[in-house]
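Quick notes on the structure that follows.
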Amino acid sequence: MLDIKELQNNFEEIRQKLKKKKVDETLLAPLKEISLKLKEKKNILEALQAEQNAKSKLFPIYKKEGKNIDELKSQLDENKQKITSATEVVRELEENLSLIALEVPNIPDDSVPEGEDEEDNVEIKKVLNIPSFDFEPKEHWDIDAKQELIDFQRGVKLAKSRFSVLKNDAAKLERALVNYMLDFNASRGFKEVSVPFIANKESLEGTGQLPKFGDDLFKIEGEELYLIPTAEVPVTNLFRDEILATDALPIKLTSYTACFRKEAGSAGRDTRGMIRQHQFGKVELVCITTPQQSEEVFQQMVDCASDLLTSLGLAHRMVLLCGGDLGFSASKTIDLEVWLPGQNRYREISSISNTKDFQARRAKIRYKDGKKNRLVHTLNGSSLAIGRTLIAIMENYQKADGTIEIPKVLKDYIK
RNA sequence: AGAGAGGUGGCCGAGUGGUCGAAGGUGCUCGCCUGGAACGCGAGUGUGGGGCAACUCACCGAGGGUUCGAAUCCCUUCCUCUCUGCCA
């Protein structure tokens, strides 16, 4: 959520900055208008309440003195009518305000480049050279044409399309990757947490998936509960409605969860293979920092994920997302794209975002700055998506004879 | 899932219609005491909004209602605990 006060005072500046995000900025003007009107109406209401409170306190005094209370009572009856209608006005404005406020995306950081979509993202650097093959490298589903490793058909049988089953060494590799990544992140100072894969509405509002993106979530029938689309939701919401001690910051966490997405908007995209599934494993990084620390911690997270890829021997590149490609809650995002020889292109494998105080304001996560309570900055990033790492290994480590080598660092993890 | 009990400040806990935003304890912060500490003593210590400020409004799980006035009464709902059932 945006800072409403800031919006009232620096409307034009915020409007300009949000333009970068290619979103409906027509929401902004009503937002400002309603917030100002609300302030005015609230003042009126509070004056009425103050009168009601003050005069109500006279009753016991009157009674003690044996005075007649009829006139006072009728005065207050009348005032009460006014309070009732003023309350109604305020409530309506508040509802409208939060309805709009929760749908306005975060403001892009100044460093975010202009652009429409992923075509306009800016490559920051390449890490490792892309591997060369003395044969034509295959896509992962062709390497494993018999589906001895990834069984797509049976995934569909068990659930529906975009589900799959890992078998044999692929199942072991998945498990190895989870453990390796968590250990790697721990060595960089991230503490491990294991959280529920189901979250309530408040949590999803806190991190920004709701109310706007409910269509992409699997909802539990008859309950206000959802399967999590990312560990970012439960891990960040660990601190919802809390005021943290300054010396506890930065909090750096890592967590493995399954993630569930309806992929409602991507019909027809990546229908083949493991790239885009309704359920996938991911090891996530989540950090809670002071505003002063967040940029530095952001870099640490990017480095952590990139070094992880490097340690697996996977060529990749860092990409700074342009305004048009930036997610709803993010102020700044760097994607890591891994080289897939079979597809002959880089594909997203990690996305690291600084949401600054956007989620913190929604989720009311604050820290003590002296006597003041201030909003923290929240950051999240994948390190890494397990399924995509798995196919990256399959494609990058494939041999001419169809076998797949295992990256050295994983050897201890596969028995 | 059924039966019962309960949700109050960082924590414990009092409060059943009128200066209660809330006693008391504990924790924490600051000061005094001390060679230093403990003990003891004194002061401070919830959140959010409005106002330069004095101050003011809201919040006792959440949402409604009754009343001039609600932490206290009524309704709805969520959650927690205990027992029973079921299960890893």
Does A:GLU40 count as within 36 Å of the chain's Cα centre (by Cα), closer than 24 Å to A:ALA101 by Cβ, modelled with pLDDT of 90 or more and open to solvent by 60 Å² or more (accessible area, probe 1.4 Å)?
yes
For A:LYS32, indicate whether it is open to solvent by 80 Å² or more (accessible area, probe 1.4 Å), more than 8 Å from RNA strand B (Cβ to nearest atom) and within 30 Å of A:ASP117 (Cα to Cα).
no
Screening A:ALA245, A:ALA199 for residues that are more than 12 Å from the chain's Cα centre (by Cα), within 16 Å of RNA strand B (Cβ to nearest atom) and open to solvent by less than 10 Å² (accessible area, probe 1.4 Å) leaves only A:ALA199
Among strands (runs of 3 or more DSSP E) completely within segment A:256-371, the ones holding 2 or more residues that are modelled with pLDDT under 95 are A:365-369
Looking at A:ARG240 and the list (1) assigned to a loop (DSSP other than H, G, I, E, B); (2) surrounded by 22 or more Cβ atoms within 10 Å (Cβ to Cβ), which single condition is not satisfied?
(2)
Within segment A:101-113, which residues are exposed (fewer than 15 other Cβ atoms within 10 Å of the Cβ) and either small (Gly, Ala, Ser) or in contact with a helix residue (DSSP H, G or I) (Cβ under 6 Å, 6 or more places away or on another chain) (or both)?
A:SER111
Which residues, counting only those in segment A:43-79, are without any contact (Cβ under 8 Å) to a residue 24 or more places away in the chain and under 30 Å from A:LEU31 (Cβ atoms)?
A:ASN43, A:GLU46, A:ALA47, A:ALA50
The listed residue being more than 30 Å from A:GLU118 (Cα to Cα) and more than 9 Å from RNA strand B (Cβ to nearest atom), out of A:GLU46, A:GLU65:
A:GLU65
Matching residues in segment A:350-403 - criterion: being closer than 14 Å to A:THR236 by Cβ and of a type in the set (Phe, Trp, Tyr)
A:PHE358
Open to solvent by 40 Å² or more (accessible area, probe 1.4 Å), in the same structural domain as A:ASP303 (by TED's automatic domain parsing) and over 27 Å from A:ASN237 (Cβ atoms): does that describe A:ARG188?
no
Provide a single number: the residues in segment A:1-23 that are assigned to a loop (DSSP other than H, G, I, E, B), over 22 Å from A:ASP120 (Cβ atoms) and within 23 Å of the chain's Cα centre (by Cα).
3
If you scan segment A:131-178, which residues turn out to be closer than 25 Å to A:TYR413 by Cα and open to solvent by 60 Å² or more (accessible area, probe 1.4 Å)?
A:GLU148, A:ASN168, A:ASP169, A:LYS172, A:GLU174, A:ARG175
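Quick check on my filter: what residues within segment A:49-61 are more than 7 Å from RNA strand B (Cβ to nearest atom) and touching a Leu at 6+ places or on another chain (Cβ under 7 Å)?
Across segment A:49-61, the qualifying residue is only A:LEU58.
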The one condition in (1) out of contact with any strand residue (DSSP E or B) (no Cβ under 8 Å at 6 or more places or on another chain); (2) under 23 Å from A:LYS411 (Cα atoms); (3) open to solvent by less than 50 Å² (accessible area, probe 1.4 Å) that A:MET181 fails to fulfil
(1)
What pairs come out if I take residues in segment A:80-92 that are within 18 Å of A:LYS55 (Cβ to Cβ) and pair them with residues that are within 10 Å of RNA strand B (Cβ to nearest atom) and among the polar types (S, T, N, Q) whose C-beta lies under 7 Å away, six or more apart or interchain?
A:LYS80/A:GLN52; A:ILE83/A:GLN49; A:ILE83/A:GLN52
When you check A:ARG366 against the structure, is it within 16 Å of RNA strand B (Cβ to nearest atom) and either open to solvent by 30 Å² or more (accessible area, probe 1.4 Å) or under 20 Å from A:GLU296 (Cβ atoms) (or both), yes or no?
yes
Is it true that some residue in segment A:4-17 is surrounded by fewer than 18 Cβ atoms within 10 Å (Cβ to Cβ), near RNA strand B (Cβ under 10 Å from one of its atoms), charged (D, E, K, R) and within 23 Å of A:GLN359 (Cα to Cα)?
yes
Could you list, in sequence order, all residues of segment A:111-129 that are in contact (Cβ under 8 Å) with a residue 40 or more places away in the chain, at negative phi and under 23 Å from the mean Cα position of the chain (by Cα)?
A:SER111, A:VAL112, A:PRO113, A:GLU114, A:GLU116, A:ASP117, A:GLU118, A:ASP120, A:ASN121, A:VAL122, A:GLU123, A:ILE124
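The values are calculated or read from the model by the stated rules, or taken from the named source; none is laboratory data. In this text, all values refer to a predicted model and were calculated from it rather than measured experimentally. Backbone-built Cβ (ideal geometry, glycine too); neighbour counts: all protein chains shown. The area values use the complete protein model at the heavy-atom level, side chains included, leaving out ligands, DNA and RNA. Shrake-Rupley method; radii C 1.70, N 1.55, O 1.52, S 1.80 Å.
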